[in-house]
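Visitor: What follows is a single structure, and I will ask about it in a moment.
The values are calculated or read from the model by the stated rules, or taken from the named source; none is laboratory data. If you're wondering where the values come from, they're calculated on a predicted model, not measured in any experiment. Please note: Cβ atoms are built from the backbone with ideal geometry, for glycine as well, and neighbour counts cover all protein chains shown.
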Amino acid sequence: MFATIGHLTVRRRRLVLALTVLFVLGAGGAGSGLFARLGDGGLTDPDAESARAAAFVTAAGQPAPELVLLVEAGAGVDDPVAAAAGRDLTAAVAAEPGVASAVSYWTGGGQPALRASDGRSALLVVDVSGGAGAGQPDDEAARIAGTYAGARGPLTVRVGGAHAIDTAIGEQLERDLIRAEAIAVPLTLLLLLLVFRGLVAAALPLVVAAVAVAGALLALAGVARLTDVSVYSINLMTGLGFGLAIDYSLFMLTRFREELANGRDTGAAVVRTVATAGRSVAFSALTVAVSLSALLVFPLSFLRSFAYAGAAVVLAAAAASLLTLPALLAVIGHRVTARRAAAGGSAGRWERLARAVMRRPLPVAAGVVLVLLALGSPFLRVDPGLPSYRSLPPSSEARQVAESLDSGFSGNQAGEFAVVLPGVHDGAAVARFAARVREVGGVAEVSVRQAAAGSWLRVVPSVAPRSPAGERLVRDLRALDAPFGYAVGGDAAELVDAKAAIAGRLPLALAIIALATAVLLFAAFGSVLVPVKAILLNLLSLTATFGAMVWIFQDGHLSGLLGFTATGQLDVTMPILMFCVAFGLSMDYEVFLLSRIKEEYDRTGDNERAIATGLGRTGGLITAAALLLAVSFAAFGASGMSFLKLMGIGLALAVLMDATVIRGLLVPAFMRLAGDANWWAPAPLRRLRPGRR
């Protein structure tokens, strides 16, 4: 099949290239409106208790506060002049279009929860609902924030709350993407020239990347019409698309150069390249896509978005590598051999390393495994959380206001949440239940609200919602006995529910990845042992990476150097996302290495020679590809958002660890110990692959 594809691209190369140009233009145009349909949430389980509570409150027309204005008074909030200005400010905000309510310390009956403990600041809590004569709630919240922020007579107003935090995150992400591109693009282009050794050859991955990203944008545009897609998935899509374009182009081009050097003409070299390296690209892409598709089992649209974006860009990159790239090679021909690839000069060193490892395979394997397990041990104390305002840089005003609410007030107004009682209208029973809620540790204030569909309690916590204390508060509230059903909502409840949803689906996701990977590797190599070995080695590599992430981002080591605030928790979605991405990329390199080893083994029947030759032919290529991909990921380490910093640095470490320690030491050690059993399969399974050893 792959040889047939190769013949087709050679015979119809100009048609293939013309169709590629039309596809990129058409897909780019169709996907241009994608960004307007992307969201920035998706961290909640839509079927969870917290989601039901949120839906009840929304239906009752009682949204949570969009804005929390921190009003500072130099003379103190109880000074007559400051108090009068505070009342005027509250009245002005309340009169704004789209404001459902505006309550402050000066108009709320002097509520202690709205006054800072030092008496120098107070809160103005604003519910923005939009409605007749007003724009959308987010637009109105942005307008009000812009109108009232800053000095107002004796007062200074600073803007916080959910809308301010969301806006700050969006603006920070936009700056981070620009910064990441400014770092990654020049470095990557320089490395491309060094690795590919020529402008013509270095341009090939850019063409593949353009096709991959255009195809993924088209696919996402279609998906976004049917379901929620997170804007954060674009980061992975572009980084992964560019990285895989480099990987696939490098392996295809290197094989093409080998075939030309062996005396084949351009057409025959292209066909042979597609039949060998192209086959490896196809199986590699399938393993990466399957790993990412396992994210679809989770109910959080944030994780599902990465499955859509990742699988789309991987398959598009593979299609471009199997069709567009061979057509380009057929046109360019010997012009890509002007200079020898830098990676090829390291073949002797990698072959010598493989032979050194195979002389003492057991001590090498045991020592490396022990080191990796030790590096991974911090992950045993992982404490999952969700992104909060502390993901923002310390200079962010939204974060500063949130920190002031946490430390300076008895109640966290921005963390207000609802306990809903659907169908309950018995005022006395609701009052008794509210009294019990008020006694729970971590509750600062409780008030009763009525709605047509039942009753609900407005609860102001005295703890940070997305924190271990916030989780304990949710568990304590849900453990209360009541003569009626009720549901707890809010940020802390969303965290508890998200962790439960991920834990419940994680075994299924891991089983899908393991089974699909085993089937694909067996289909590629006809071995039972190779898939088992590959899965175990990839897990070893990832445990070390995850241990480093806990040690750095949860425990806070290197936080000063990397510029983030450790929260004592690790974003619950990041290990899952990083596992699927890094596992898929590890299999990417595994397939390329094993393909060359198996090709040599089929030719000679000598296991040790095949291992040494296979690593010699691909070790430098894999390392170069991993370095280029790591640069793309590591650029996100400059992000001001700590969870993006975590993803970028974590994936860069995972890729480099796998390409060096795993491929250079553990693979030759384990394959030497297994001997000819590497390629064994029972007779019933061998019959599934007729014509292959």
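Visitor: Only one residue in Val68, Val81 is within 30 Å of Phe409 (Cβ to Cβ), at pLDDT 85 or above and touching a helix residue (DSSP H, G or I) at 6+ places or on another chain (Cβ under 7 Å), so which one is that?
Guide: Working: Val81 fails: touching a helix residue (DSSP H, G or I) at 6+ places or on another chain (Cβ under 7 Å).
When all the criteria are applied, what remains is Val68.
Visitor: Shifting gears a bit: Residue check: is Ala612 aliphatic (A, V, I, L, M), modelled with pLDDT of 90 or more and within 24 Å of Arg255 (Cα to Cα)? Before the answer, list the steps.
Guide: On the way: aliphatic (A, V, I, L, M): yes; modelled with pLDDT of 90 or more: yes; within 24 Å of Arg255 (Cα to Cα): yes.
Here the answer is yes, as Ala612 does meet what is asked.
Visitor: Collect the residues in the stretch 153-166 that are in contact with a helix residue (DSSP H, G or I) (Cβ under 6 Å, 6 or more places away or on another chain) and either assigned to a strand (DSSP E or B) or more than 13 Å from Leu89 (Cβ to Cβ) (or both), keeping them in residue-number order. Spell out how you get there, then give the answer.
Guide: Keep residues of the stretch 153-166 that are in contact with a helix residue (DSSP H, G or I) (Cβ under 6 Å, 6 or more places away or on another chain), which gives 153-155, 157-161, 163-165.
Within the stretch 153-166, Leu155, Val157, Arg158, Val159, Gly160, Gly161, His163, Ala164, Ile165 qualify.
Visitor: Now a separate question. Can you tell me which residues in the stretch 16-61 are under 21 Å from Ala451 (Cβ atoms), in contact (Cβ under 8 Å) with a residue 60 or more places away in the chain and in a helix (DSSP H, G or I)?
Guide: The answer is Glu49, Ser50, Ala51, Arg52, Ala53, Ala54, Phe56, Val57, Ala59.
Visitor: List every residue pair whose Cβ atoms lie under 6 Å apart, where the two residues are 6 or more positions apart in sequence or sit on different chains, the first residue falls within the stretch 592-613 and is farther than 20 Å from Ala626 by Cβ and touching a residue at least 24 places away in the same chain (Cβ under 8 Å), and the second residue, located anywhere, is of a type outside the set (D, E, K, R) and crowded, with 22+ Cβ neighbours inside 10 Å.
Guide: What qualifies is Lys598/Phe525; Tyr601/Ala610; Ala612/Ala354.
Visitor: Scan the stretch 649-660 and give yes if some residue there is within 21 Å of Phe525 (Cβ to Cβ) and touching a residue at least 60 places away in the same chain (Cβ under 8 Å), otherwise no.
Guide: Residues of the stretch 649-660 that are within 21 Å of Phe525 (Cβ to Cβ), as a first pass: 658-659.
Of the ones still in play, those that are also touching a residue at least 60 places away in the same chain (Cβ under 8 Å) are 658-659.
Within the stretch 649-660, one or more residues are within 21 Å of Phe525 (Cβ to Cβ) and touching a residue at least 60 places away in the same chain (Cβ under 8 Å).
Visitor: Scan Arg264, Arg272 and give me the residue that is outside any helix (DSSP H, G or I), modelled with pLDDT of 90 or more and of a type outside the set (Val, Ile, Thr). Steps first, please.
Guide: On the way: Arg272 fails: outside any helix (DSSP H, G or I).
Answer to the check: Arg264.
Visitor: May I pose another question? Whether any residue in the stretch 637-650 is more than 27 Å from Arg390 (Cβ to Cβ) and either touching a strand residue (DSSP E or B) at 6+ places or on another chain (Cβ under 6 Å) or among the aliphatic types (A, V, I, L, M) (or both) is what I want to check.
Guide: Narrowing the stretch 637-650 to residues more than 27 Å from Arg390 (Cβ to Cβ): none.
No, because not a single residue in the stretch 637-650 is more than 27 Å from Arg390 (Cβ to Cβ) and either touching a strand residue (DSSP E or B) at 6+ places or on another chain (Cβ under 6 Å) or among the aliphatic types (A, V, I, L, M) (or both).
Visitor: Looking at Gly504, is it surrounded by fewer than 19 Cβ atoms within 10 Å (Cβ to Cβ), in a loop (DSSP other than H, G, I, E, B), at pLDDT 90 or above and not hydrophobic (A, V, I, L, M, F, W, C)?
Guide: It is false that Gly504 is surrounded by fewer than 19 Cβ atoms within 10 Å (Cβ to Cβ), in a loop (DSSP other than H, G, I, E, B), at pLDDT 90 or above and not hydrophobic (A, V, I, L, M, F, W, C).
Visitor: Could you tell me which of the residues Ala626, Ala612 is part of a helix (DSSP H, G or I) and within 17 Å of Ser280 (Cα to Cα)? Show your work before the answer.
Guide: Details: Ala612 fails: within 17 Å of Ser280 (Cα to Cα).
Answer to the check: Ala626.
Visitor: Also, I was wondering about something else. Where residues in the stretch 541-559 are crowded, with 19+ Cβ neighbours inside 10 Å and over 18 Å from the mean Cα position of the chain (by Cα), which of them is nearest to Arg381 (Cα to Cα)?
Guide: Ranking the candidates gives Ala544 first.
Visitor: Would you confirm whether any residue within the stretch 655-674 is on the phi > 0 side of the Ramachandran plot, assigned by TED's automatic domain parsing to the domain that holds Asp176 and over 28 Å from the mean Cα position of the chain (by Cα)? Don't jump to the end; show me each part of the working.
Guide: Step one: of the stretch 655-674, the residues on the phi > 0 side of the Ramachandran plot are none.
Within the stretch 655-674 (the criterion being on the phi > 0 side of the Ramachandran plot, assigned by TED's automatic domain parsing to the domain that holds Asp176 and over 28 Å from the mean Cα position of the chain (by Cα)), the answer is no, since none of the residues qualifies.
Visitor: Residues to consider are Leu173, Leu218, Leu194, Leu177; find the one that is in a helix (DSSP H, G or I) and within 28 Å of Val16 (Cα to Cα). Talk me through it step by step, then tell me what you get.
Guide: Numbers: Leu173 fails: within 28 Å of Val16 (Cα to Cα); Leu194 fails: within 28 Å of Val16 (Cα to Cα); Leu177 fails: within 28 Å of Val16 (Cα to Cα).
Exactly one of Leu173, Leu218, Leu194, Leu177 is in a helix (DSSP H, G or I) and within 28 Å of Val16 (Cα to Cα), namely Leu218.
A quick yes/no check of all residues on (1) crowded, with 23+ Cβ neighbours inside 10 Å; (2) closer than 27 Å to Gly415 by Cα:
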residue	(1), (2)
Val157	no, yes
Thr167	no, yes
Ala203	no, no
Val207	no, no
Val213	yes, no
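Visitor: Need a quick list: helices (runs of 4 or more DSSP H) entirely within the stretch 347-450 having at least 1 residues that are exposed (fewer than 13 other Cβ atoms within 10 Å of the Cβ) and among the hydrophobic types (A, V, I, L, M, F, W, C). Before you say what the answer is, go through the steps one by one.
Guide: Values: elements: 347-359, 361-376, 397-408, 427-438.
It comes to 361-376, 427-438.
Visitor: Oh, and also: Val530 - would you say it is assigned to a strand (DSSP E or B), out of contact with any Lys or Arg (no Cβ under 7 Å at 6 or more places or on another chain) and crowded, with 18+ Cβ neighbours inside 10 Å? Outline the logic, then answer.
Guide: Values: assigned to a strand (DSSP E or B): no; out of contact with any Lys or Arg (no Cβ under 7 Å at 6 or more places or on another chain): yes; crowded, with 18+ Cβ neighbours inside 10 Å: yes.
Criteria not met by Val530.
Visitor: I'd like the full set of residues that are more than 39 Å from the chain's Cα centre (by Cα) and among the small types (Gly, Ala, Ser), limited to the stretch 81-103. Full working, then the answer.
Guide: Going through the stretch 81-103, the residues more than 39 Å from the chain's Cα centre (by Cα) turn out to be 81-92, 94-95.
Answer for the stretch 81-103, where residues must be more than 39 Å from the chain's Cα centre (by Cα) and among the small types (Gly, Ala, Ser): Ala82, Ala83, Ala84, Ala85, Gly86, Ala91, Ala92, Ala94, Ala95.
Visitor: Still on this structure: Residues Leu656, Leu644: which one is farther than 21 Å from Val528 by Cβ, buried (at least 23 other Cβ atoms within 10 Å of the Cβ) and not β-branched (Val, Ile, Thr)?
Guide: Values: Leu656 fails: buried (at least 23 other Cβ atoms within 10 Å of the Cβ).
From the options Leu656, Leu644, the qualifying one is Leu644.
Visitor: Of the residues Ala203, Ala145, only one is modelled with pLDDT of 80 or more, among the small types (Gly, Ala, Ser), more than 30 Å from Val446 (Cα to Cα) and in a helix (DSSP H, G or I); which? Working first, answer last.
Guide: Numbers: Ala145 fails: more than 30 Å from Val446 (Cα to Cα).
Selected residue: Ala203, the only one of Ala203, Ala145 that is modelled with pLDDT of 80 or more, among the small types (Gly, Ala, Ser), more than 30 Å from Val446 (Cα to Cα) and in a helix (DSSP H, G or I).
Visitor: How many residues are modelled with pLDDT of 90 or more, over 31 Å from the mean Cα position of the chain (by Cα) and among the aliphatic types (A, V, I, L, M) if we restrict to the stretch 220-261?
Guide: Number satisfying all stated conditions: 1.
Visitor: Looking at Phe633 and the list (1) at pLDDT 90 or above; (2) closer than 21 Å to Phe242 by Cβ, which single condition is not satisfied?
Guide: Going through the list (1) at pLDDT 90 or above; (2) closer than 21 Å to Phe242 by Cβ, Phe633 breaks only (1).
Visitor: Please go through the stretch 472-495 and give me each residue that is touching a residue at least 40 places away in the same chain (Cβ under 8 Å), surrounded by fewer than 22 Cβ atoms within 10 Å (Cβ to Cβ) and in a helix (DSSP H, G or I), ordered by number.
Guide: Arg478
Visitor: So the check is Cβ under 9 Å with 6+ separation or different chains; which pairs have a first residue in the stretch 439-459 that's at positive phi and a second one that's in a strand (DSSP E or B)?
Guide: Qualifying pairs under 9 Å: Gly442/Pro461; Gly454/Val420; Gly454/Leu421; Gly454/Pro422.
Visitor: Under the condition of being among the hydroxyl-bearing types (Ser, Thr, Tyr) and closer than 20 Å to Thr573 by Cα, which residue from the stretch 354-406 is modelled with the highest pLDDT? I'd like the intermediate steps shown before the answer.
Guide: Here is the first cut: in the stretch 354-406, the residues among the hydroxyl-bearing types (Ser, Thr, Tyr) are 377, 388-389, 391, 395-396, 404.
Subsequent filtering for residues that are closer than 20 Å to Thr573 by Cα retains 377, 388-389, 391.
Details: Ser377: 94, Ser388: 76, Tyr389: 81, Ser391: 81.
By that ranking, first place goes to Ser377.
Visitor: Criterion first (farther than 19 Å from Glu66 by Cβ and touching a helix residue (DSSP H, G or I) at 6+ places or on another chain (Cβ under 8 Å)) does Ala482 satisfy it?
Guide: Details: farther than 19 Å from Glu66 by Cβ: yes; touching a helix residue (DSSP H, G or I) at 6+ places or on another chain (Cβ under 8 Å): yes.
In short, yes.
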